[in-house]
Ligand SMILES: Nc1ncnc2c1ncn2[C@@H]1O[C@H](COP(=O)(O)OP(=O)(O)OP(=O)(O)O)[C@@H](O)[C@H]1O
């Protein structure tokens with residue numbers, strides 16, 4: 001057996017010597033750089049089949065004419081101009097001549113099995129007919145100076161073609177090629193054309209061009225990845241051209257003007273629901289859910305929205321639709337909010353109140369990302385959750401409001417309120433001022449009671465005695481007392497009552513008294529409209545404690561002897577009715593919105609019962625003109641009650657103003673218009689509304705003034721409520737004479753009262 005070339009030397013040294021010989025490749029160097037020894041012909045002879053000579057400064061490789069058996073030739077990063085030696089290599093399969101000085105396009109006789117050619121980074125300008133190279137599968141012609149594509153028509157096996165970074169302004173001549181991968185990155189394309197018949201195309205790179213539309217891609221049904229980074233696509237509606245590409249998983253629109261569109265990512269994710277990667281970022285399950293909830297909310301999400309507009313849970317449950325023993329179906333939830341600076345004792349008071357008046361109140365357990373303090377119990381004091389779970393809940397739209405406090409997130413979930421409401425009770429929660437501001441912008445209308453420390457030393461002592469706060473935390477808490485006092489001073493009626501909380505027991509007695517006043521007041525069915533002086537400060541000195549009389553049928557006395565509902569039997573129907581009445585009375589009268597909303601909900605439930613549900617996507621974008629409320633774009637815009645117009649109140653339902661303490665909410669405001677459309681679509685009563693069968697995309701992507709999906713469609717909003725005017729609700733606790741320790745607070749109250 002004869003072995004023609006043997007390589008036993010240190011290759012790097014040899015390479016250096018030969019590179020100095022004017023770039024002429026010698027047999028000796030070849031001899032040292034060949035590899036892949038294999039037998040040929042009769043099997044009596046062995047030859048090397050591969051030659052690899054990168055970065056050798058070679059300009060003359062004519063010696064290779066003698067190496068007829070080469071199958072793989074790699075000569076990248078040299079200075080080669082002439083590759084005619086390849087004409088003598090009939091068995092060549094792979095040729096890499098990238099990064100050379102070659103200007104002649106395929107300037108050699110065709111090796112009949114040539115499958116892969118890399119001519120990138122050369123000096124070629126014109127493509128010529130390659131019909132003699134019919135075995136070609138991979139062809140890389142990137143970084144040359146081609147301005148036109150041509151000569152590939154007969155390359156019937158060509159699957160991978162790269163023409164990146166050339167000067168191509170028009171695509172043509174690729175018809176019917178079996179291309180699976182095509183790269184036209186960095187050319188001068190202004191539109192997608194000439195690709196229509198590439199039925200096998202899976203990966204398309206059109207980045208770094210000047211393309212303005214995705215039209216031209218719609219027939220590429222097996223396309224899985226499109227890179228359009230840094231083009232000129234400016235409209236989300238362009239996605240309609242790739243909407244039917246069911247295998248599309250990866251789309252890159254980075255660096256396009258469309259990125260500036262509001263809600264760009266959610267809208268694209270909604271339109272292209274098969275995407276797993278958008279703009280090089282994985283599409284998360286939360287994003288998919290959020291996008292569907294936003295643009296095509298299922299019935300339960302519509303129901304959740306209704307909660308925000310005071311629609312009622314019970315109506316969604318046909319079995320309780322006409323259950324008269326349930327809390328009044330058309331009433332919103334009752335809520336009591338205790339607010340005040342951290343550590344002022346409001347949480348203990350809330351727990352105690354719920355314990356003592358358990359027939360009326362239950363504690364609304366919030367979620368938090370902070371860890372439990374010693375003695376705290378999960379599910380009782382808080383639902384202690386991870387940051388990730390908290391974020392997930394936000395994405396799923398489960399929170400009514402959230403705030404950041406002391407580096408942790410806190411949130412009140414709809415479930416927390418509903419769980420209490422399902423028991424037929426009013427929900428008692430505690431929260432910081434930012435939470436109150438958030439609720440004030442929602443359709444919840446709780447009673448707000450401010451608990452405020454008036455004696456610095458006592459408050460500090462209390463904070464210290466808890467043994468859980470750092471000095472910085474205590475400073476932060478102390479510094480916020482003035483914020484609360486200021487708010488009370490400057491915003492008349494902002495809090496329904498103010499209770500000094502220096503003494504816990506006294507504060508509790510006052511709180512209980514106030515709450516009882518609420519209940520008595522409501523029981524008297526408006527007979528007693530005098531809910532106290534304009535000064536909302538209460539001290540617990542009760543001028544007279546009014547008994548809360550049970551209905552006449554009830555007897556006995558309990559813990560709250562004069563008025564205790566523990567004496568009542570909750571399973572007793574008359575008790576329930578009595579209770580419902582009180583609970584209904586606790587709430588302000590229904591607004592026009594509530595009534596309209598309730599009517600729509602009833603209609604929706606009726607439709608649902610008879611099996612009629614809105615078709616998928618029927619709400620998509622029909623109403624999206626309103627999908628980015630101003631509050632979303634400008635979260636601080638609605639921090640003042642006074643500045644909120646009715647409409648902005650509606651749309652900024654869950655926004656936490658940033659001005660008060662710099663907190664912000666992560667919960668997206670709800671899109672009221674979606675609700676309106678959903679219901680109108682169901683009822684078919686909206687003359688201007690598109691029919692559910694109307695082409696989704698036509699609706700979704702029509703040109704719009706504000707460039708929002710579907711914003712061309714006039715939204716139908718439910719009527720905007722006037723909302724309860726807090727100042728109109730007088731304080732239930734008559735103001736006794738000022739005591740010295742409440743002076744600071746009362747000064748504010750007096751001011752307000754005079755105002
Ligand atoms: N959902 C919420 N929205 C707004 N504020 C909240 C919410 N949940 C809790 N908070 C408030 O965040 C602050 C920090 O809560 P944390 O439970 O850590 O306080 P704390 O040290 O136990 O004090 P406190 O006894 O006042 O609750 C408290 O003032 C609490 O009332």
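Evaluation of residue 246 against the conditions (1) under 26 Å from residue 200 (Cα atoms); (2) in contact with a helix residue (DSSP H, G or I) (Cβ under 9 Å, 6 or more places away or on another chain) shows that the sole unmet condition is (2). A count restricted to segment 120-139 and to residues that are surrounded by 18 or more Cβ atoms within 10 Å (Cβ to Cβ) and more than 20 Å from residue 177 (Cα to Cα) stands at 4. Within segment 381-409, being loosely packed, with under 15 Cβ neighbours inside 10 Å and away from the ligand (no atom under 12 Å from the Cβ) holds for 386, 387, 388, 389. Flag: residue 223 matches the condition of being in the same structural domain as residue 177 (by TED's automatic domain parsing), within 22 Å of residue 270 (Cα to Cα), in a loop (DSSP other than H, G, I, E, B) and modelled with pLDDT of 95 or more. Among the numbered conditions (1) within 19 Å of residue 365 (Cβ to Cβ); (2) touching a helix residue (DSSP H, G or I) at 6+ places or on another chain (Cβ under 7 Å), the only one that residue 390 does not meet is (2).
Scanning segment 344-365 for residues that are within 10 Å of the ligand (Cβ to nearest atom) and either surrounded by 22 or more Cβ atoms within 10 Å (Cβ to Cβ) or outside the structural domain of residue 398 (by TED's automatic domain parsing) (or both) turns up 344, 345, 346, 349, 350, 364. Taking the criterion of being surrounded by fewer than 21 Cβ atoms within 10 Å (Cβ to Cβ) and farther than 21 Å from residue 180 by Cα, the residues of segment 211-239 that qualify are 212, 213, 230, 232, 233, 234, 235. Select from segment 147-163 the residues that are within 24 Å of residue 77 (Cα to Cα) and buried (at least 20 other Cβ atoms within 10 Å of the Cβ) and list them in ascending order. Within segment 147-163, 161, 162, 163 meet the criteria. For residue 87, indicate whether it is surrounded by fewer than 20 Cβ atoms within 10 Å (Cβ to Cβ) and farther than 17 Å from residue 29 by Cβ. Answer is yes for this residue.
Here the condition is being in contact with a strand residue (DSSP E or B) (Cβ under 9 Å, 6 or more places away or on another chain), within 9 Å of the ligand (Cβ to nearest atom), in a loop (DSSP other than H, G, I, E, B) and under 30 Å from residue 472 (Cβ atoms); of 376, 434, it holds for 376 alone.
Restricting attention to segment 150-170, which residues are in contact with a strand residue (DSSP E or B) (Cβ under 9 Å, 6 or more places away or on another chain), closer than 19 Å to residue 230 by Cβ and not in a strand (DSSP E or B)? Hits for segment 150-170 are 163, 164. Residues that are near the ligand (Cβ under 8 Å from one of its atoms) and either within 17 Å of the chain's Cα centre (by Cα) or farther than 13 Å from residue 363 by Cβ (or both) occur in segment 411-426; there is at least one. Just one of the numbered conditions (1) touching a residue at least 40 places away in the same chain (Cβ under 8 Å); (2) more than 16 Å from the ligand (Cβ to nearest atom) is not true of residue 459: (2). What are the residues in segment 257-286 that are in contact (Cβ under 8 Å) with a residue 40 or more places away in the chain, in a helix (DSSP H, G or I) and crowded, with 19+ Cβ neighbours inside 10 Å, if any? Matches in segment 257-286: 267, 270, 271.
The values are calculated or read from the model by the stated rules, or taken from the named source; none is laboratory data. Keep in mind that this is a model prediction, so the values were computed, not measured. Note that we place each Cβ from the backbone using ideal geometry, even for glycine, and neighbour counts take in every protein chain shown.
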